[in-house]
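The values are calculated or read from the model by the stated rules, or taken from the named source; none is laboratory data. Quick caveat, the model's predicted, so the values are computed rather than measured. Here Cβ is always computed from backbone atoms with ideal geometry, including for glycine, and neighbour counts include all displayed protein chains. Surface accessibility is based on the protein's heavy atoms, side chains included, excluding ligands, DNA and RNA. Shrake-Rupley method; radii C 1.70, N 1.55, O 1.52, S 1.80 Å.
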Amino acid sequence: VSPQHAPSGGLPAWWRLAEPHEDIRKGNFDEHTFAAKLDDVVAGKAPAEYGLAEPFFTKTYLTTELKGLLVDTLRRLAGTGGEAVVQLRTPFGGGKTHALIALYHLVKKAADIADMLDIRALLESAGLEHVPHARTAVLVGTSSSAQGRMSEDGFRLHTLWGELAYQLGGEKVYALLKDADEARTSPGKDTLRKVLEQSGKALILMDEMLVYQVKAAGVRVGETTLQAQTFAFLQELTEVAGSVFGTALITTFPESNVEYYDHESAPQVFARLDKIFGRVQAVRIPVQGEEIFEVVRRR
C-alpha cells in the first residue's frame, strides 16, 4: 500500500484505491443488471449492458472457453468445422445465459460490432472475413408457455417445434410442420431436417429447458403429454442438427435440478434431458478458475 493513501494506524479505505463504477457512485446501481435474461434481450427489454451488442461486448471479458465457443460456432455456421450441438454447463450464475447472449449478438447484430477488436480477433481465429449470415431461433423455457402463444403478427403457435420453424422461416417454413404443431405431436426427424434445410444457416439457442418440461407435463396430448412429445422433439433435433450444413444448436444445462427448479418431478426431467443432450453434444464451461476475477473486473 502506498504510504500517501494509508491513514494513520491502518489500511486505506478500499474506495480510495479502486474507484467504484459511475452508477454506484451516483446511487443508480440496480443488482438486476447482473441477471442476464436472453428473452429480454430478444424482446428489446434488457438494459443496455445486455441489450445492445457494443456495450455488451465492451463489458464482457472473453474467457478461454467463451472465445472457443464463439469461434467454434462461427466455423459451424460457415461450414468449415465446429461442433453442431453444444451444451453449456455450470452451476447457477456461471455464465451460461451470458454466453447465449454473446452468441445472439455476434450473429444477429454483426454489423453493429464489426469494427470491435475482440470481434475481429474472433473472426481471425475462425479463419473468416466476416460473421456468416444466419437465421436465429431463441427458445427460453422460463418465458415459454406450455399452452403456446400468439405471435406479434397474430399467428398461433403451440409448441417449441412450432416456435423453432416460425422463428427460422416465418409462415412458409412453419407450414412444413403446421399439423404437428397444432396436434402437439413431435414432427419427426425428416420434417425437422426439411425445416433446417429450408431455413438455410441457423443458430438455435435454447435456455431453461428443464423449467419448460416441468410445465409441459400438465398438458395432455392424447394418451401422452406435451412433455413426452417435447422430449421426443429434443432428441430428434439434436440428432438432425449434426447432419444439416450450417446448423448450430447451443443449449444450457444446470449442474443439478435443485439449482433451477424444486418441483418434485424435476429430478426425473433433469435426468431425461441429461441423457438426451449427453448423447451428442460437446460440453463447455464458459468461466473457469481465476478467470472469474477478470470477468468481475471488466463488468
Express the Stokes-Einstein translational diffusion coefficient of the stretch 51-191 in µm² s⁻¹, to the nearest whole number, given a Kirkwood radius over alpha-carbon pairs, 20 °C and a viscosity of 1.002 mPa s.
127 µm²/s
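FRET efficiency for Gln198 and Ser151, Cβ-Cβ distance as r, R0 = 22 Å, nearest 0.05?
Working: r = 19 Å, r/R0 = 0.86.
Efficiency computed from Cβ-Cβ geometry: 0.70.
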Probe 1.4 Å, all chains present, heavy atoms only: Glu182 accessible area in Å², nearest 10, is 90 Å²
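Between Lys59 and Thr80, what FRET efficiency comes out of the Förster formula 1/(1 + (r/R0)^6) with R0 = 30 Å and r the beta carbon distance, rounded to 0.05? Don't skip to the answer; put the middle values down first.
Details: r = 30 Å, r/R0 = 0.99.
Approximately 0.50, to the nearest 0.05.
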According to a simple spin-label model (label point 7 Å from Cα along Cα-to-Cβ), what is the distance in nm between Asp274 and Met116?
3.4 nm
Please report the Cα spread of the stretch 41-120 along all three principal axes, rounded to whole Å, starting with the longest.
33, 33, 23
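Once the other residues with Cβ under 15 Å from the Cβ of Leu123 are scored (Lys, Arg +1; Asp, Glu -1), what is the net sum?
Working: positive: Lys67, Arg75, Arg76, Lys109, Arg120; negative: Asp72, Asp112, Asp115, Asp118, Glu124, Glu129.
Spelling it out: positives minus negatives among the neighbours equals -1.
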Between Ala48 and Leu11, what is the label-to-label distance in nm when each label sits 7 Å out along the Cα-to-Cβ direction?
3.4 nm
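If Arg16, Arg149 are ordered by their accessible area, calculated over protein heavy atoms with a 1.4 Å probe, which sequence runs from highest to lowest? Can you show the working numbers first?
Details: Arg16 145, Arg149 80 Å².
Listed by decreasing accessible area, they come as Arg16, Arg149.
About the Cα centre of the stretch 136-220, what is the dipole size in debye to 20, counting +1 per Lys and Arg Cβ and -1 per Asp and Glu Cβ, all else neutral? Working shown, then result.
Numbers: 11 positive and 11 negative charges, 42 e Å.
With only Lys, Arg, Asp and Glu charged at Cβ, the dipole is about 200 debye.
By how many nm would the segment from Phe245 to Leu128 grow when fully extended, if each residue of separation counts as 0.36 nm and the alpha-carbon distance is taken off? Display every interim value, and only then the final one.
Values: separation 117, 0.36 × 117 = 42.12 nm, distance 1.68 nm.
Length gained between Phe245 and Leu128: 40.4 nm.
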Area of Lys275 that stays accessible when all protein chains are in place (1.4 Å probe, Å², to 10):
140 Å²
